[in-house]
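Report on the structure given below.
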4 protein chains.
Amino acid sequence: MSQEGLVFKMSCPDAVGIVARMTGLVAARGLNLAEVHTYSDVATKWFFARLRIEATGNGEETALLERDFSHFAAEARAEWSLRRLGHPQRVVVLASKETHCVTDLLWRRKFGELPVEIPLIISNHRACEELAAAEGVPFLHVPMQAENRDAAFREIARHCTAAQASAVVMARFMQILPAWFCAQFHGCVINIHHSFLPAFAGADPYRQAFERGVKLIGATCHYATEELDAGPIIDQEVVRVEHFHELGDLRRLGRDCERLALARGVRYHVEDRVLIHGSKTIVFRD
Amino acid sequence: MSQEGLVFKMSCPDAVGIVARMTGLVAARGLNLAEVHTYSDVATKWFFARLRIEATGNGEETALLERDFSHFAAEARAEWSLRRLGHPQRVVVLASKETHCVTDLLWRRKFGELPVEIPLIISNHRACEELAAAEGVPFLHVPMQAENRDAAFREIARHCTAAQASAVVMARFMQILPAWFCAQFHGCVINIHHSFLPAFAGADPYRQAFERGVKLIGATCHYATEELDAGPIIDQEVVRVEHFHELGDLRRLGRDCERLALARGVRYHVEDRVLIHGSKTIVFRD
Amino acid sequence: MSQEGLVFKMSCPDAVGIVARMTGLVAARGLNLAEVHTYSDVATKWFFARLRIEATGNGEETALLERDFSHFAAEARAEWSLRRLGHPQRVVVLASKETHCVTDLLWRRKFGELPVEIPLIISNHRACEELAAAEGVPFLHVPMQAENRDAAFREIARHCTAAQASAVVMARFMQILPAWFCAQFHGCVINIHHSFLPAFAGADPYRQAFERGVKLIGATCHYATEELDAGPIIDQEVVRVEHFHELGDLRRLGRDCERLALARGVRYHVEDRVLIHGSKTIVFRD
Amino acid sequence: MSQEGLVFKMSCPDAVGIVARMTGLVAARGLNLAEVHTYSDVATKWFFARLRIEATGNGEETALLERDFSHFAAEARAEWSLRRLGHPQRVVVLASKETHCVTDLLWRRKFGELPVEIPLIISNHRACEELAAAEGVPFLHVPMQAENRDAAFREIARHCTAAQASAVVMARFMQILPAWFCAQFHGCVINIHHSFLPAFAGADPYRQAFERGVKLIGATCHYATEELDAGPIIDQEVVRVEHFHELGDLRRLGRDCERLALARGVRYHVEDRVLIHGSKTIVFRD
């Protein structure tokens, strides 16, 4: 999908006429809609939308639309955002000992598959340091021991804030986040868990899967919340395994699932395609 | 997805404000939109939409909306339809020697997965006759020899018209349709071809696949057009195969692809989810 | 795969030379091996094999091979079986209110995809009665109330034994089996659970999946054991779902997973392709 | 799967007793079989096998086995090889303007997913030069114009030979190989074509797929032969696409298919899991 124009995202109580009013604002400014996604949740009577608007994106035009949407949203009691596309969003990556997800994100960023800028990679190990250097991405080593965990997370939080990150991506970071960290970056911390949740939450999921003897393994990209591996799921990926696959094979096959699910999840997030609704997500995929 | 209310489907040249006007008509009648799907094709500047409208569906309400849409469509130079859901569409099934697709369609119809009525099964063989009888569906045997082909198709066409069918489904019918038949039922004849088109068009695709040594086989559900196996594709399905699979295994594995792709394709069609655009389809999946 | 000849299946402690000795017995009788599958489990040092032997299958030949294998197995401390293919195995089906799995098994049996004979369908409801009659399969209604559960299962067990069933297939039977029943038919009771286990074990897994907001749902074919939904997994199948899929859509999409996973699992079982190893299975797929 | 011991690979006319004799040689040396894969092609009466033998791999042991297998192969008129695992095979990579496949192969090599050494990357463009340098892999720029094509391929051939490459991997090399080159490196040149062959052979397959309106796109890893895109297929991968995916989206989604199919194909090749049989492959997957 094209990365041009403006993207409008909103959620609010459902009501008769809401699509007409919302799209009418865009039409009144003489602008074309390149993409329209809406969803009405029957159970909760809640409405979700994402519009991509063809706009030159000059300041005045954007400001006028922003004002229009602001009035509309106030009436509709909506949460909303309007953002100019074409400027990569800033994403801070948290890493640990495994390098495959970080490598993948860096490659996709460099070659235009992922419209992000990575101002900083933070890790409690040095496995990704060389990789970051080769790509010219600043690397920060924040050791994590039991006695300094909270201080370490305070430091990470400061850097994420300073970097004006619109997402904090746990690329196999493997650390349980403090509750205050989840709250501070609510809806912005994306984790990749190496199982198809809710199966095999917690530690060493490939070993759990191996011992259970499942015939499919997978990975889950989800928003991190205070409760471990229980946040809203953005995307999942699976692959078949057979009896002859050893634990090492599961890890190898699973890495491809992790790469794919994380890359998709991050892309959906930074393209404003994801809306969180309680413990679930609405994902307006392309 | 719910099968209630009204469904509006349209396509027309793209224009600023078209979504707002279209949805505004529904809002003006005080009706809620349960589903909104739109697509703007950049290359051809063409617009496609499907709305599911929450409506009690009484006659007056429908008539008013119909008038509104009619005026709107005239202005927008749109092709359109408005239909009440909850009344199964009528589908005539053409069959031959294989029974798996017919069995599958009959089951899905009976148990509510497929909102269709099947007023007639027509076949040039008698393989499905007993099956039709068991389900209480009329069966018509129309033999096909080289010398009577055109007359046979004239008979089939008469029955399809008399049955007021909104789709003619070739459930492994295996006959090449005359050009006039394709023209008469343009956009309404759904075929299942037992390969992932455009690979292995024509006769005995499993044998072709077996001889080529592919590692994936599949099935393609598409609208039949005058050119064999070249019509707009609605859906496709694939399955992995390996060197130890014999031709019979390919046929067995392929049948599951055929069942799934055909059932999805028919459902999309009868739920007004498919719009044809040249040699392609827009499919507003659920 | 061809359904001719003899199939030999065994498991025993791994040892140097075991493949050579086992296949040597077949060679010594001048017979060809059509399929050879072996697996050595490193962790438990256990060996598993399945041979398909090209044999006319006359009585004498089979008797001689049986004697050879018997001596060999005694030495190797092996569990083993030798069976003539081409004679469908007998499978008793347990059903309840849902008909899709039963319909699917009946079709596959009838049209040669599944080499089984179904001498009896037993159900605690009458939903499948008409279906069974149409296919000429005896149907037994065994009501199940809290107070008569054990007696009901005693009756089912008697019928399974009398039918000389080599498998008891729970085609959405939805009843928890008594421990004694699992023990009596150990390794022969095949269940289809409508989730990708171990996620969503227990009641109403589609609702659980819907509430958790997963992006993939699935089905698991496994051997029933005393512990609910915890037996050795034979096969699994998944399908993608999105935020707009309602609970009814999950059930509809899931049914296709159930049909496929169950049909594969039953076929593997009756073709002697499955060996149970603790809580896991070895499946020599074709 | 473990990368230890010896791997024996062979193909020959099928015969009674061949498995017993082949595995008997290993047993006679007191060695254990870690993996046994065989396949008998019914149509051509040809036999294929791959054995992984648990061996310390000291020189004497290997030499004895080599002699045993040599005698056996002469009698059986077999093509065969015996190779010590644990020493990465040497793979020369041919690249052009696209970097994703090269990046992926380099990562998998570095982190142990792919047991290969890459002594050289050769390219007719400089897009991968920096990438090669960062990974410490020698890079050779061989420009290709119409007038020097044959000379350029002579140079590439010399380097492949000098590098003692057991595979030449075309990682989106996009050049048609001369017939003599295919002949010289017969069964060793692995290509990734960006469609599910045989659909969309030749130039710009994503555009072809886009214009045809298919609902699945894919990639094919195959051995290059003189006839373009017609060589024996090793593996294929597909991904669903929808009407809203533009040509650029197809390229993006397809790249993931290419990466996966190529990485698997190369791994199967260097682990001696692939045997070519006419225009097809036998792939003893793990």
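Averaged over its residues, how many other protein chain Cβ atoms are within 10 Å of peptide A:30-36's Cβ atoms?
Details: counts 2, 2, 9, 9, 3, 4, 8.
Mean partner shielding for this stretch: 5.
Arrange B:277, D:222 by Cβ neighbour counts within 10 Å, fewest through most, would you?
Details: B:277 16, D:222 26.
Fewest-to-most Cβ neighbours within 10 Å comes out as B:277, D:222.
Given q = 0.15, 0.23 Å⁻¹, what are the Debye log10 I(q)/I(0) values for segment A:123-182, with equal point scatterers placed on the Cα positions and solvent ignored?
-0.48, -1.13
Just from its helices, what would the mean residue ellipticity at 222 nm be for chain C, if runs of 4 or more DSSP H residues each count -39500 (n - 2.57) and the sum is divided by every residue, rounded to the nearest 500 deg cm²/dmol? Provide the component values of the computation, followed by the final result.
Details: 8 runs with 98 residues, N = 286.
Theoretical 222 nm ellipticity from helices: -10500 deg cm²/dmol.
If you bin the C-alpha pair distances of segment A:205-250 every 5 Å from 0, what whole percents do you get?
5, 20, 26, 17, 16, 12, 4, 0
Sort all Cα-Cα distances of segment B:229-277 into consecutive 10 angstrom bins from zero, then give the percent of pairs in each bin up to the one containing the longest distance.
23, 41, 25, 10, 0
Using a cut-off of 15 Å between beta-carbons, work out the net charge of the residues near residue C:6 (Lys and Arg +1, Asp and Glu -1, residue C:6 not included). Could you put the intermediate results ahead of the total?
Working: positive: C:9, C:29, C:50, C:52, C:67, C:83, C:84, C:273; negative: C:4, C:35, C:54, C:60, C:61, C:66, C:68, C:271, C:272.
That sum, taken over residues with Cβ under 15 Å, equals -1.
What is the sum of charges, Lys and Arg at +1 and Asp and Glu at -1, for the other residues whose Cβ falls under 12 Å from the Cβ of residue C:143?
Result for the local shell: 0.
Show me C:156-162, A:192-198, D:9-15 ranked by packing, highest mean number of other Cβ atoms within 10 Å first. Let's see the in-between values first.
On the way: C:156-162: 16.3, A:192-198: 25.1, D:9-15: 18.9.
Averaged packing, sorted descending, gives the order A:192-198, D:9-15, C:156-162.
With θ set to phi - 60° and the Karplus curve 6.51 cos²θ - 1.76 cosθ + 1.60, what are the ³J(HN,Hα) couplings of segment B:173-184 in order, to the nearest whole Hz, using x for Gly and Pro?
Coupling constants for segment B:173-184: 6, 6, 10, 7, 7, x, 4, 5, 5, 4, 5, 5 Hz.
Using the Cα centre of chain C as the reference point, and only Cβ charges (+1 on K/R, -1 on D/E), how large is the resulting charge dipole? Debye, rounded to the nearest 20. Write down the numbers at each step before the final one.
Details: 33 positive and 36 negative charges, 26 e Å.
Using only the charged Cβ atoms, the result is roughly 120 debye.
What ratio of Cα Rg to 2.2 N^0.38 Å holds for segment C:150-251?
In units of the globular-protein estimate, segment C:150-251 measures up at 1.20.
May I ask you to derive the relative contact order of chain B, considering only C-alpha pairs under 8 Å and at least 6 residues apart, and to give it as an integer percent? All intermediate terms of the calculation are to be shown ahead of the outcome.
Values: 518 pairs, mean separation 42.7, N = 286.
RCO, chain B: 15 percent.
Once you place label points 7 Å from the Cα toward the Cβ at residue C:203 and residue C:149, how far apart are they in nm?
1.2 nm
Give me a comma-separated list of calculated 3J(HN,Hα) values for segment C:29-35, in order, Karplus coefficients 6.51, -1.76, 1.60 applied at θ = phi - 60°, integers in Hz, x for any Gly or Pro.
8, x, 9, 8, 9, 7, 9
Counting partner chain Cβ atoms within 10 Å of every residue's Cβ in C:11-19, what's the average? Don't skip to the answer; put the middle values down first.
Working: counts 0, 0, 0, 3, 2, 9, 9, 4, 12.
If you average over the peptide's residues, the count of other-chain Cβ atoms is 4.
Just to confirm a number: summing +1 for Lys and Arg and -1 for Asp and Glu over residues other than residue B:222 whose beta-carbon lies under 9 angstrom from that of residue B:222, what do you get?
Working: positive: none; negative: B:229, B:235.
Taking every Cβ under 9 Å from that of residue B:222, the sum is -2.
Shielding of B:108-118 by partners, i.e. mean partner chain Cβ atoms within 10 Å per residue?
On the way: counts 4, 0, 3, 6, 2, 6, 1, 0, 0, 0, 0.
Per residue, the average neighbour count from other chains is 2.
Compute and list, largest first, the equivalent-ellipsoid semi-axes of segment B:1-51 from the alpha carbon gyration tensor, each √(5λ) rounded to a whole angstrom. Don't skip to the answer; put the middle values down first.
Details: eigenvalues 93, 37, 10 Å².
Working from the Cα gyration tensor, I get semi-axes of 22, 14, 7 Å.
Can you list, shortest first and in nm, the gaps between the label point of residue A:148 and those of its counterparts in the other copies, using a point 7 Å from Cα in the C-beta direction?
5.6, 7.2, 9.1
Helix C:18-28 against the longest principal axis of chain C: what's the angle in degrees, Cα atoms only, rounded to the nearest 10?
The answer is roughly 70 degrees.
What share of Cα pairs, in percent, lie more than 52 angstrom apart in the protein assembly as shown? Can you show the working numbers first?
Details: 161092 of 653796 pairs.
Distances greater than 52 Å cover 25 percent of the Cα pairs.
Given springs between every Cα pair under 10 Å in a Gaussian network model of chain A, which of A:273, A:109, A:252 has the largest fluctuation?
Evaluated over chain A, the most mobile residue of the options is A:252.
To one decimal in nm, how far is residue C:44 from the same spot in the other copies, if labels go 7 Å from Cα toward Cβ? Please give the shortest first.
Going from nearest to farthest copy, the values are 3.8, 4.5, 5.9 nm.
Give the whole-number value, in cubic angstrom per residue, of the convex hull volume spanned by the C-alpha atoms of segment D:6-84. It would help to have the intermediate numbers written out before the result.
Details: hull volume 5.8 nm³, N = 79.
Hull volume normalised by residue count: 73 Å³.
Name the residue, out of A:274, A:168, A:142, whose mean-square fluctuation peaks in a Gaussian network model built on chain A with Cα pairs under 10 Å.
Residue with maximal mean-square fluctuation among A:274, A:168, A:142: A:142.
Pairs to check: A:9/B:9; A:97/C:45; B:45/B:215. Give those whose C-alpha atoms are more than 28 Å from each other in this structure. Can you show the working numbers first?
Working: A:9/B:9 25 Å; A:97/C:45 32 Å; B:45/B:215 38 Å.
Violating the 28 Å limit, Cα to Cα: A:97/C:45; B:45/B:215.
Please report, in whole Å, how far the alpha carbons of chain A spread along each principal axis, starting with the longest.
60, 39, 36
Where the Cα atoms of segment C:25-132 are projected onto their three principal axes, how long is each span, largest first, in whole Å?
Computed over segment C:25-132, the largest-to-smallest principal extents equal 53, 39, 21 Å.
What is the magnitude of the charge dipole of segment B:6-84 about its Cα centre, with +1 placed on the Cβ of each Lys and Arg, -1 on the Cβ of each Asp and Glu, and no other charges, expressed in debye to the nearest 20?
Values: 10 positive and 10 negative charges, 20 e Å.
Once rounded to the nearest 20, the dipole reads 100 debye.
None of the figures in this text is laboratory data; all of them are computed from the coordinates on show. Just so you know, these numbers come straight off a predicted model, no measurement behind them. All Cβ positions, even for glycine, are placed from backbone atoms using ideal geometry, and neighbour counts span all protein chains on display.
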